[in-house]
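The values are calculated or read from the model by the stated rules, or taken from the named source; none is laboratory data. Keep in mind the model is a prediction, meaning the values are calculated, not measured. Positions of Cβ are generated from backbone atoms using ideal geometry, with glycine treated the same way; all protein chains shown enter the neighbour counts.
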Amino acid sequence: MTLSILYRGPLSSCNYACGYCPFAKRTESRAELDHDRACLERFTAWATARTADDLGVLFTPWGEALVRPWYQQALTTLTNLPHVRRAAIQTNLSCKLDWVEACDRDALALWCTFHPGEITRDRFVAKCVELRQRGVRFSVGVVGLKEHLAEIDALRAELPPEVYVWVNAYKRESSYYTPEMVAQLTTIDPHFPTNNRHHASLGEPCRAGNQVIAVDGDGTINRSTSSSGRSATCTPPASSRRCSTDRVRTTPAAATSATPTSTG
């Protein structure tokens, strides 16, 4: 089976204080961190055992994960598995980067987000230079807030052209951008106009739940990160399905179970 997995465990703390983020400067107890580590290690053990599959894993934590050594270890383990084609993570790049030397960098990828106000552009670009020197594949992105447009322009100018810079459209306010702002951001990220609108997906062709799944720390398998709480049975893999809001759960021993089961 060829499967792309979005993993998001219970981690919900961050060392940055971005105003738009509910996890800004949030801390967790030792017990909460230990629980997150146990969940991640269980998921990694499950992925390690799936030797007959072709897996791609993307970690999308609620907060910053790479300051936690167990995420560095998980990426090291996964990238060195022959049946894992790619293991990637979203990060603010605030961690040290020496751990990547133990990874298979042909399989490793970082989704690096720049947060003006939390780190200087010079320091962030220096981290990107270090990633290139260490042979790590990465992209760079930033939330497209109006007050950061000048920084976004400068960031694009300072990074090599082969490093993709994406702009995450701020859609919490309608008509947030002027046409001139949209044009400016599109010169940086050609896909910005696509990102800058809401897309109807219900009933559209979709691989979610068959070739793409979202997994949380308890082992719940959702068809996508935005699916609802309605449960359903699994369906056989198909090249294309219709998007739904259904979700399924694994058995309680999610990391050792090979087959998701219905909860209702």
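Would you point out which residue out of Pro252, Pro179, Pro237, Pro190 is modelled with pLDDT of 95 or more, farther than 30 Å from Leu131 by Cβ and surrounded by fewer than 18 Cβ atoms within 10 Å (Cβ to Cβ)?
Unique residue meeting the criteria: Pro179.
When you check Leu93 against the structure, is it touching a strand residue (DSSP E or B) at 6+ places or on another chain (Cβ under 7 Å), touching a residue at least 24 places away in the same chain (Cβ under 8 Å), assigned to a loop (DSSP other than H, G, I, E, B) and not aromatic (Phe, Trp, Tyr), yes or no?
Against the criterion (touching a strand residue (DSSP E or B) at 6+ places or on another chain (Cβ under 7 Å), touching a residue at least 24 places away in the same chain (Cβ under 8 Å), assigned to a loop (DSSP other than H, G, I, E, B) and not aromatic (Phe, Trp, Tyr)), Leu93 qualifies.
Checking the structure you have, find out if any residue of region 60-70 is of a type in the set (Val, Ile, Thr), touching a helix residue (DSSP H, G or I) at 6+ places or on another chain (Cβ under 9 Å) and either at pLDDT below 95 or surrounded by 21 or more Cβ atoms within 10 Å (Cβ to Cβ) (or both).
Looking for residues that are of a type in the set (Val, Ile, Thr), touching a helix residue (DSSP H, G or I) at 6+ places or on another chain (Cβ under 9 Å) and either at pLDDT below 95 or surrounded by 21 or more Cβ atoms within 10 Å (Cβ to Cβ) (or both), one finds none in region 60-70, hence no.
Take the conditions surrounded by 18 or more Cβ atoms within 10 Å (Cβ to Cβ) and within 21 Å of Ala214 (Cα to Cα) and apply them to Leu3. Does it pass?
no
Condition test on Leu145, is it over 25 Å from Phe59 (Cα atoms), surrounded by 12 or more Cβ atoms within 10 Å (Cβ to Cβ) and aliphatic (A, V, I, L, M)?
Values: over 25 Å from Phe59 (Cα atoms): no; surrounded by 12 or more Cβ atoms within 10 Å (Cβ to Cβ): yes; aliphatic (A, V, I, L, M): yes.
For Leu145, the condition - over 25 Å from Phe59 (Cα atoms), surrounded by 12 or more Cβ atoms within 10 Å (Cβ to Cβ) and aliphatic (A, V, I, L, M) - is not met.
Out of Asp104, Asp122, I need the residue that is assigned to a helix (DSSP H, G or I) and modelled with pLDDT of 95 or more. Which one?
The conditions single out Asp122.
Given Ala17, Ala52, which one is modelled with pLDDT under 95, surrounded by fewer than 16 Cβ atoms within 10 Å (Cβ to Cβ), assigned to a loop (DSSP other than H, G, I, E, B) and among the aliphatic types (A, V, I, L, M)?
Of the residues listed, the single one that is modelled with pLDDT under 95, surrounded by fewer than 16 Cβ atoms within 10 Å (Cβ to Cβ), assigned to a loop (DSSP other than H, G, I, E, B) and among the aliphatic types (A, V, I, L, M) is Ala17.
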